[in-house]
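Right, one structure below, let's go through it.
Rule-based calculations on the coordinates, nothing more; no lab input. Please read all numbers here as calculations on a predicted model, not as lab measurements. Don't worry about glycine lacking a Cβ; one is built from the backbone with ideal geometry, like all the others, and counts go over all protein chains shown.
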Amino acid sequence: MSQPYVIDKMISAKAIDARIEELAREIRATFGTEEKLVVVGLLRGSFVFIADLVRELEDINVEVDFIEASSYGDKMESSREVRILSDLRGEISGRNVLLVEDIVDTGHTLFQVVKYLKGRSPKRLETIALLDKPSRREVEIKATWTGFEIPDEFVVGYGIDYAQRNRNLPYIGKVRFT
C-alpha cells in the first residue's frame with residue numbers, strides 16, 4: 001500500500017472547465033467542423049479530460065476511441081519503457097486524429113504513442129495534454145495544445161491517479177507525503 005499523503009489543490013475545477021472551453025475553440029479552428037475527427041484517449045488518466053473535451057466539441061462530428069499505454073504502473077516514476085496494453089478498435093488511416101493525454105512528463109509515452117499512431121497513416125495527427133511538466137522532459141516532444149504547465153510535482157485528480165486512487169477528484173492536486 002502507498003504511504004500516507006495529503007493533497008493540496010493546485011488547479012480548480014472551475015479553471016479546468018474554462019481552459020477546456022478555450023482549447024475546444026482552438027481545436028475547432030484547426031480542424032473545422034466539416035470532417036469527422038477521431039479523438040483518441042490515452043488511457044487511463046485522460047478519461048475525464050476526454051469526456052469534458054468532446055462535450056465542448058459538440059458541433060464537430062466526433063468519433064471516440066481509446067488506446068492504453070503504460071510506463072508507470074503503480075509507481076511515481078516512469079519506467080521509460082512504454083507498453084501498449086490495449087489498442088484502438090477503429091481505423092485511423094486517412095482520418096483526422098486528436099490524441100488526448102493527461103500529462104506529459106518525461107515525454108516517453110506521448111512520443112512512442114505518436115510514433116505508433118503515425119505508422120497507421122492518419123491524414124492529420126495532433127496532440128493535446130491537460131498538463132505539461134517541461135522540466136522533466138527527456139525526449140523531444142511537445143503537445144500541440146496544453147491545458148496547464150505545471151512544476152515538477154506529483155499530481156492527482158481529474159482522472160490522474162496515484163496507485164489507482166484519487167482519479168475522481170474534480171480538481172488537480174499536488175500529492176504531499178506525510
What is segment 88-178 by shape, rounded, prolate or oblate, if you read a ≥ b ≥ c off the alpha carbon gyration tensor as root eigenvalues and call it rounded for a/c under 1.5, prolate for a/b larger than b/c, and oblate otherwise? prolate
Percent of beta bridges antiparallel (DSSP, the chain, rounded to nearest 5): 35 percent
Average Cα contact separation per residue, segment 14-150, under 8 Å, 6 or more apart, as relative contact order %: 23 percent
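Assuming 0.36 nm per residue, please report the length gained on full extension of the stretch V64 to D17 beyond their Cα-Cα distance. Intermediate values should be presented prior to the final figure.
Details: separation 47, 0.36 × 47 = 16.92 nm, distance 1.99 nm.
So the extension gain works out to 14.9 nm.
Treating the beta-carbon of each Lys and Arg as +1 and of each Asp and Glu as -1, no other charges, what is the dipole magnitude of the chain about its Cα centre, to the nearest 20 debye? List each step's numbers first, then the result.
Numbers: 26 positive and 30 negative charges, 61 e Å.
Computed about the Cα centre, the dipole is about 300 debye.
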Which distance in nm do the two modelled labels at F177 and R136 give, with both placed 7 Å along the Cα-to-Cβ direction? 1.4 nm
Using θ = phi - 60° and the Karplus curve 6.51 cos²θ - 1.76 cosθ + 1.60, what whole-Hz ³J(HN,Hα) does each residue of segment 43-56 get, with Gly and Pro shown as x? 6, 9, x, 8, 4, 6, 4, 5, 4, 5, 5, 5, 5, 6
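To the nearest whole percent, what portion of all C-alpha pairs in segment 14-150 is separated by more than 23 angstrom? The partial results should precede the final answer.
Values: 2654 of 9316 pairs.
Roughly 28 percent, once rounded to a whole number.
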Excluding R176 itself, what net charge comes from residues whose Cβ is under 11 Å from its Cβ, given Lys and Arg +1 and Asp and Glu -1? -1
Taking +1 at the Cβ of each Lys and Arg and -1 at the Cβ of each Asp and Glu, which of L110, G45, T146 sits farthest along the dipole of segment 14-150 towards its positive end, judged by Cα position relative to the Cα centre? L110
